[in-house]
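Q: One structure coming up, written as structure tokens, with questions to follow.
The values are calculated or read from the model by the stated rules, or taken from the named source; none is laboratory data. From a predicted model like this one, the values you see are computed outputs, not experimental measurements. With ideal geometry, Cβ positions are generated from the backbone for all residues, glycine too; neighbour counts draw on all protein chains shown. Heavy atoms of the whole protein, side chains included, go into the accessibility calculation; ligands, DNA and RNA do not. Shrake-Rupley method; radii C 1.70, N 1.55, O 1.52, S 1.80 Å.
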Amino acid sequence: MSLSLKMEIDTVEDVTCLNPELLQLPEVSLFALKTTPLLVDNLFSQWLSLPETGNLVKSLINDAKAGTTVNACANFSNVNAVGSNSLPSMLSSVNAPPLSPRSSSGSPRSSKQKSSPSALGSPLKLFSDPMQEVIPQFYFQNGRPPTKELKEQSLSKINHLFNNPLNGLLIDEFKTVTKEVCKLPSFLSSALFRKIDVDCVGIVTRDAFITYWVDGNMLTMDVATQIFEILKRPGHRHLTQVDFRPILRELLATHPGLKFLQNTPEFQDRYAETVIYRIFYHMSRSGNGRLTLRELKRGELISAMQQADEEDDINKVLRYFSYEHFYVIYCKFWELDTDHDFFIDRENLIRYGNHALTYRIVDRIFSQAPRKFAGDVEGKMGYEDFVYFMLSEEDKSSEPSLKYWFKCIDLDGNGVLTPNEMQFFYEEQLHRMECLALEPVLFEDILCQIIDMIAPEREDCITLQDLKGSKLSGNVFNILFNLNKFMAYETRDPFLIRQEREDPTLTEWDRFAHREYIRLSMEEDVEDASNGSADVWDDSLEAPF
């Protein structure tokens, strides 16, 4: 092989090891060189066409013929200083996207010198692969460990609170730890205590608390996750109604707004049940009696628990815990349950709201279309089922209520409401209007009104998603099976409209419960007066029993 051919081959190999920084060119990545051989050929051709390159090659050949030492590095560095100015013009024609500007300090990448097989020892070098950026760990199976500063602050508080001869705390003394260290509602104290005291020795030591709260990374979890971990039973990935009973017992025992119930344990149980039913009605979207961590985070329970812990008047906690709301629900159930066996049948429910509902919708409820009854008595609705019904009936704007009534109207269960299904329920409404000498409204007109109210994607049917997207969805169900509310909607009471505008944060249920509680309280006062009772109603007690 001739020397000139060997030099050409070696030079081509060196070109594949191009170092753009050395030539002061826009950066050419290693990937671009490997995937675009045409770029390498163009660079090599451009280099060979330079006069300085020809002089360099002739000089090297003459030195080789004369037998003198070939100094390729020195000669190439001289020609590179002149020739490099000509290369950028050629590179500018290459069809490649622009690269990010280079900082004055040079490329952040580290380059590795690659030994060239060329006898010329070309200084053109191959770029090394970019340094991989180290991504910090973002997932921790057992929770993110606390920072050193946070851990020291917590240990300081723990050491102060556990500083006693026992080096531990009894259950009655544990509330301070729950509030000050864990920043949780005080009525979670007993549940947290028993979660740590797994052996039921009646005391939680300092070391046991640190192991659970600090070393277990509970310290860095959000409040919803902390409460979820405290309440759920071992081996479970969800909460059930049973898991909430301990915190409701402690709330009833310690909250100043519920002290008047301490002498009536049977009504304490009913209050606790009602609160739990309301929680699962609003938050357990699957309706299977289970509450997941995601559902707990998405709901309003955590903020309601914190408000209940800070507010002395429990009736101001409208979400879930209001005693007045429990009073209204329980009294309504007790009025309908004429034989007081704690179950109601079809004839009992048809009297709800002064016979506001149609027989057809009541039959659908007792066919368990919207929800399977919790009780085992055939043809009877228990208290839990009644709570779900009443919350759905009095606030048809909520998502659980829309789902409840949608299942009732969807006779074939295909996920859409057709005009025939809606007409089936409206026929009884039309008959009732005729019996009451009211001006009947034909279904064709009603259907047009419903379509205008909901504006569904398809005019031949209505989906649950269509109902969720309209603020007037509740009125559709009233039109179909609640005559009293249908008439109230048609008359548009200005007083009620003004009330809604004055406080838009209140839900339909909040307004109903407030009105109904006042009515029931007045009836209680009248009954006491008719019995010749000398006692005057004490507003601070507000107990129905």
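Q: Does ASP339 satisfy the criteria of being modelled with pLDDT of 95 or more and acidic (Asp, Glu)? Break it down into steps so the answer makes sense when it comes.
A: Values: modelled with pLDDT of 95 or more: no; acidic (Asp, Glu): yes.
In short, no.
Q: Report whether or not PHE424 is under 27 Å from ILE446 (Cα atoms), hydrophobic (A, V, I, L, M, F, W, C) and surrounded by fewer than 18 Cβ atoms within 10 Å (Cβ to Cβ).
A: So PHE424 passes the test.
Q: Right, something else. Just to be sure I understand, how many residues within the range 416-473 are among the acidic types (Asp, Glu) and more than 25 Å from GLU508 (Cβ to Cβ)?
A: Result for the range 416-473: 8.
Q: If we keep just the residues of the range 229-248 that are open to solvent by 60 Å² or more (accessible area, probe 1.4 Å) and at pLDDT 95 or above, which is nearest to LEU155 (Cα to Cα)?
A: The residue in question is ARG245.
Q: Run down PHE343, PHE326, PHE366 and say which single residue is out of contact with any Asp or Glu (no Cβ under 6 Å at 6 or more places or on another chain) and not assigned by the TED database to the domain that holds LEU436.
A: Being out of contact with any Asp or Glu (no Cβ under 6 Å at 6 or more places or on another chain) and not assigned by the TED database to the domain that holds LEU436 holds for just one of PHE343, PHE326, PHE366, which is PHE326.
Q: Could you give me the residue pairs with C-beta distances under 6 Å whose first residue belongs to the range 360-378 and is of a type in the set (A, V, I, L, M), whose second residue is part of a loop (DSSP other than H, G, I, E, B) wherever it lies, and which are 6+ apart or on separate chains?
A: Qualifying pairs under 6 Å: VAL362/ILE350; ALA374/GLY382; VAL377/PHE343.
Q: Among the residues of the range 456-486, which ones are open to solvent by 70 Å² or more (accessible area, probe 1.4 Å) and assigned to a helix (DSSP H, G or I)?
A: GLN465, LYS468, ASN484
Q: Could you check the range 308-363 and list, in sequence order, the residues that are among the aliphatic types (A, V, I, L, M) and either closer than 21 Å to HIS514 by Cα or touching a Leu at 6+ places or on another chain (Cβ under 7 Å) (or both)?
A: ALA308, ILE314, VAL317, LEU318, VAL328, ILE329, LEU336, ILE344, LEU349, ILE350, ALA356, VAL362
Q: If the Cβ limit is 7 Å and pairs must be 6+ apart or interchain, which residue in the range 204-228 that is open to solvent by 30 Å² or more (accessible area, probe 1.4 Å) pairs with which residue that is assigned to a loop (DSSP other than H, G, I, E, B) and among the charged types (D, E, K, R)?
A: Pairs that qualify, where the first residue is open to solvent by 30 Å² or more (accessible area, probe 1.4 Å) and the partner is assigned to a loop (DSSP other than H, G, I, E, B) and among the charged types (D, E, K, R), are THR220/ARG144.
Q: With respect to LEU438, is the statement that it is open to solvent by 20 Å² or more (accessible area, probe 1.4 Å), over 37 Å from the mean Cα position of the chain (by Cα) and on the phi < 0 side of the Ramachandran plot true?
A: So LEU438 fits the description; yes.
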